Amino acid sequence: MTGKRLISLLAYVTTATTGASLLTGCGVLPGATGGSREPVTVMTWAPDQTRATNMPGMPAMAQTYARWVNSQGGIDGHELRVLTCNEQNSPAGAAACARRAVREKAVAVVGSYSQNGRAFMAPLEAAGIPYIGGYGIAEDEFTSSLSYPVNGGVASLVAGHGMQLADSCEKVSLVRPDTTAGDRLPELLNSGLRRASHRSAVDIPALEDAAEYTQQAGRARTRAGDEKGCVTAVLGERTQTFFDSFRRLPGQEEKRDAVRISSVLGSVDQPVIDRTGGPHSPFEGAFVTGWYPEASDKSWAPMRKVIQEHAFADNRVDPADAGVQTTWIAYTVLKEVVEGLDEDTITAGQISHALDRGERIDTGGLTPSLRWKYEDMLGAPGFTRIVNREVTFQVVRQGRLVAQKPGFVDVGETVLSAP
């Protein structure tokens, strides 16, 4: 065999092997950089193809980010290697992903989604691996000393949502998951409503993975009343199912203007509105509280450019998806920290130490500047590590999520006032 033919064969085998790894549920994204600096290996996980909330865009965005940054020479000369894992919306799945991160010597878990904080945080803490920019759904993300949240989590969204609804709603019905995490939502919503001396919301627990919600929808509409009533649902991916049941209630078309609907980012976002009819969606006119600026804001332009050039038509990577946005911000944090270290080898301990000593991160206007020193933390019971206490108020107009009011709203005191 000639030298040229041998080289061609090796190139083919390498390419085929790489392609196969990218098709697996937990693949490794190969880098395109070289040099004396050691690669930086991280993991991003999220549930996919489960009966409850799925976030396939988060690992897909991580892979897209790695392709982009490696095409630029890596992060400060380090090839970025991204491991991905299906968390499966289960404690066993979350723990398995965390153990794999430890086994494969990841220096951080970045931009991930899991409700199973207890299952994944213990293995990470034992190995000293920081958890950067989780979605904000698990309480452990806001209590572990190795967690560095980039938003205020569901706590800030729901507390802020109460503030958003207080000026427009006489009565509020809250439909939320009948889970331990869901049990905290009524008081958080009420803390926002109380800021305007508003009465408490009616609490309506519901199964997180139900196929329909006719009974809960009927009760929510009845308790909201017919004059300036509001029905809010925070059910993750099943929020769409709930409002479909709500829309089908007898006489609902006649009462549409009497009862307003609302939710929070992640339960309702632009992709959901697009899928359900855009301007003809049942979400038209809905109030929505978010963590970040609306998807059309110019601050997202760098992310959009990266997606356009490096996502390769992967429809999981939607720039209007809250999970994709959170992953982008989390990797922005990782990039700034690694660049600030300026070391040939990057370790988990170096990253967490840099964040602990007060590395301030500029996210380009997508959040306030982020820093995780003790004095920056909110210190609310159960949410001690919130450092970003700001949300945005949005509304659905002509099928698009737009700002109801400009800029950010500080909800720190509201979260602190929740029991």
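For the chain, the longest principal axis of the Cα atoms and the long axis of helix 301-310 meet at an angle of about 50 degrees.
Across region 44-106, counting alpha-carbon atoms alone, Rg and Dmax equal 13.2, 41 Å.
Which order do the peptides 135-145, 383-393, 356-366, 107-117 come out in when sorted by mean C-beta neighbours inside 10 angstrom, highest first? Mind dumping the intermediate values first?
Numbers: 135-145: 21.5, 383-393: 23.0, 356-366: 15.6, 107-117: 28.1.
The most tightly packed comes first, giving 107-117, 383-393, 135-145, 356-366.
Each peptide among 273-284, 49-60 gets the average number of other Cβ atoms lying within 10 Å of its residues, and from highest to lowest they stand as 49-60, 273-284. Taking a sphere under 15 Å around the Cβ of Ala301 and counting the other residues whose Cβ falls inside, with K and R at +1 and D and E at -1, yields a net charge of 0. Using the Cβ-Cβ distance between Arg357 and Leu416 with R0 set to 25 Å, the FRET efficiency works out to roughly 0.45. Annotation: amide H of Ser147 within the under-5 Å range of Tyr131, sequence separation 5 or more or interchain, hydrogens built in the peptide plane. Working from Cα pairs under 8 Å separated by at least six residues, relative contact order for the chain is 18 percent.
Quick one: putting +1 on the C-beta of Lys and Arg, -1 on the C-beta of Asp and Glu, what dipole do you get for region 269-419 around its Cα centre, in Debye to the nearest 20?
Working: 15 positive and 22 negative charges, 91 e Å.
It works out to roughly 440 debye.
Share of Cα-Cα pairs in region 231-293 beyond 14 Å, in percent?
On the way: 1046 of 1953 pairs.
In whole percent, the long-distance tail amounts to 54.
Which angle between 0 and 90 degrees, to the nearest 10, do you get for helix 214-224 versus the longest principal axis of the chain when only C-alpha atoms count? Relative to the chain, helix 214-224 is tipped by roughly 60 degrees. For each pair in Lys305/Lys335; Lys105/Lys373; Lys228/Lys298; Lys335/Lys373, compute the distance between the two Cα atoms and list the pairs where it is over 23 Å. Correct reply: Lys105/Lys373; Lys228/Lys298.
Altogether, the Stokes-Einstein calculation at 25 °C and 0.890 mPa s, with the Kirkwood radius of the chain over Cα pairs as Rh, returns a diffusion coefficient of 112 µm²/s.
Tell me, what are the semi-axes, in whole angstrom and largest first, of the equivalent ellipsoid of region 33-192 as set by the roots of 5 times the Cα gyration tensor eigenvalues? Working shown, then result.
Details: eigenvalues 221, 60, 39 Å².
For region 33-192, the semi-axes come out at 33, 17, 14 Å.
A dipole drawn for region 267-347 from +1 and -1 charges on Cβ atoms has a positive end, and of Leu334, Ala313, Val272 the residue lying farthest that way is Val272.
Can you give me the accessible area per residue for the chain, using a 1.4 Å probe, in Å²?
Values: 17560 Å² over 419 residues.
Ligands and nucleic acids excluded, the figure is 42 Å² per residue.
Computed per residue of the chain from DSSP H runs no shorter than four, each worth -39500 (n - 2.57), the mean residue ellipticity at 222 nm is -11500 deg cm²/dmol.
Classify region 296-419 as rounded, prolate or oblate, taking a ≥ b ≥ c as the square roots of the eigenvalues of its Cα gyration tensor: rounded when a/c is under 1.5, otherwise prolate if a/b is larger than b/c and oblate if not. Oblate, because a/c is 1.5 or more while a/b does not exceed b/c. Ordering of 156-163, 307-314 by packing is 156-163, 307-314, highest average first (other Cβ atoms within 10 Å, averaged per residue). Note on the chain: antiparallel DSSP beta bridges, both residues inside, total approximately 35 percent of the bridges counted. What angle do you read, to the nearest 10 degrees and between 0 and 90, between the alpha-carbon axis of helix 117-127 and the longest principal axis of the chain? Between the helix axis and the principal axis of the chain, the angle is about 30 degrees. A Gaussian network model of the chain, with springs between Cα atoms under 10 Å, assigns the largest mean-square fluctuation among Val288, Val175, Val338 to Val338.
The values are calculated or read from the model by the stated rules, or taken from the named source; none is laboratory data. Because the structure is predicted, anything quoted here is derived from the model rather than measured. Here Cβ is always computed from backbone atoms with ideal geometry, including for glycine, and neighbour counts include all displayed protein chains. Surface accessibility is based on the protein's heavy atoms, side chains included, excluding ligands, DNA and RNA. Shrake-Rupley method; radii C 1.70, N 1.55, O 1.52, S 1.80 Å.
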